[in-house]
Amino acid sequence: MDIKQDKDSLLELLTSLTAREKRYISIYLKQFKVGNNVYFEAFNIVSKPHKSALLIDPIIKTQLYWKILKGLQLYHSENNPIVLKNNLLSQMHILNEKGLTQQALRVLKAAKKICIKNDLSEDIINISKQEAKLIIAKNQGRAQENVISNYNKINLSQLRVLNQNYALTKIYLQNKLNSGFFKLKLDTTSHKILNAYILKQNESEILSGYGKILFNYNLGLYFLGINDTKKALSNFKNACLLYLTNTDLIIIHKEEFFELIELICKTHLEKAQYNLLNTWMDKAHKTLKKIDLFRDEIEIIFSIAKISLLQIRNETRSIEKELELLVQLKNRTSHLKYRFEIDIQVIKNLVQSNK
């Protein structure tokens, strides 16, 4: 990193840290016993608006930036399967370079388990290829027909998953586009043609966990398109339940998960199913809190839905309290979409108040 740029980069990185990340980084930096723990002291200084931050050596600031980044990598390797998988693959390459083939294979198998659990099919194919190479190298190139055969079977299996998920994703994106912009122009026949692949499948025929989520998501969008709200919500909630039974998929596909939560809320509101929405939000809130996955973005979605409910009941004071919460949430999230949606809610309330 350019020393001239480290001030802005360090500030941006610090601003992005959550409270939990800051606590972790603080503990992580305490291990560095350089000059009375200069990195820990520098972190405490630059984390607060303090003039003495200007006195910190630019080189220390640059080194602090990279140490914070390393700390974040370690922190997220504990709860993010993609980061953990990447870390394991790095360790495997180091062990392999040192000629420790058996240890490299052990680490590679750990990475493979993570990929299988989280439907990371492309990674599974690459790992299987590396695994076959290591086994053959370990046996000094002796005939390994069983290794090659197993590698081919895994490849074929994962290619089927990839092809199925590709088809489901393609339909999902088209359904999403149509529901957002061209909903009124599509008739029932058009929706059936678009979702022909989905309508011919049973959930039992879907090969992966994420594929099952996309299957239910697409069915929900199809039923929404043909105005069968009951079935649409049933499939959306099935997709949500599948996410909650494999929480790592929420971390990997968090944007899609947020959109699903938002869609469930909006569908209830559009069809005037207010009591059902309240019940579902309360249940979802408790579940997400219990598994420590209730994020600011989800709280924003729920808060905006609550404002819509309060507007229907004309509860002005409660609306103002909910708007105050939204303003606080805007300061806590860096997600541009939800910051924009909060601004819209504030402007709508101002317009309503001036009528």
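List pairs: first in the range 303-332 and within 16 Å of S353 (Cβ to Cβ), second basic (K, R) and assigned to a helix (DSSP H, G or I), Cβ under 7 Å, 6+ apart or cross-chain? If the second residue must be basic (K, R) and assigned to a helix (DSSP H, G or I), the pairs left are E322/K306.
If you go through the range 189-225 and keep only what is over 11 Å from Y172 (Cα atoms) and of a type in the set (S, T, N, Q), you end up with T189, S190, Q201, N202, S204, S208.
So, in the range 42-55, of the ones that are touching a Leu at 6+ places or on another chain (Cβ under 7 Å) and part of a helix (DSSP H, G or I), which residue ends up modelled with the lowest pLDDT?
V46
Of the residues making up the range 88-123, just one is more than 27 Å from L249 (Cβ to Cβ), surrounded by 13 or more Cβ atoms within 10 Å (Cβ to Cβ) and among the small types (G, A, S), namely A104. Taken together, the residues in the range 286-313 that are over 12 Å from L244 (Cα atoms), open to solvent by less than 70 Å² (accessible area, probe 1.4 Å) and within 17 Å of the chain's Cα centre (by Cα) amount to 6. With (1) in a helix (DSSP H, G or I); (2) within 20 Å of P81 (Cβ to Cβ); (3) of a type in the set (D, E) as the list, and E299 as the residue in question, which single condition is left unmet? It fails just one condition, (2). Taking (1) surrounded by fewer than 19 Cβ atoms within 10 Å (Cβ to Cβ); (2) in contact with a Gly (Cβ under 8 Å, 6 or more places away or on another chain); (3) within 30 Å of I94 (Cβ to Cβ) in turn, K153 satisfies each apart from (2).
Residue pairs whose Cβ atoms lie under 6 Å apart, sitting 6 or more positions apart in sequence or on different chains, and linking a residue in the range 71-84 that is open to solvent by less than 60 Å² (accessible area, probe 1.4 Å) to a partner that is not in a helix (DSSP H, G or I), are P81/N118. Would you check if there is a residue in the range 56-63 being at pLDDT below 70, among the basic types (K, R) and farther than 22 Å from T333 by Cβ? Checked the range 56-63: no residue is at pLDDT below 70, among the basic types (K, R) and farther than 22 Å from T333 by Cβ.
The values are calculated or read from the model by the stated rules, or taken from the named source; none is laboratory data. Please read these numbers as outputs of a predicted model, since none were measured by experiment. With ideal geometry, Cβ positions are generated from the backbone for all residues, glycine too; neighbour counts draw on all protein chains shown. We work out accessible area using only protein heavy atoms, side chains counted, and drop any ligands, DNA or RNA first. Shrake-Rupley method; radii C 1.70, N 1.55, O 1.52, S 1.80 Å.
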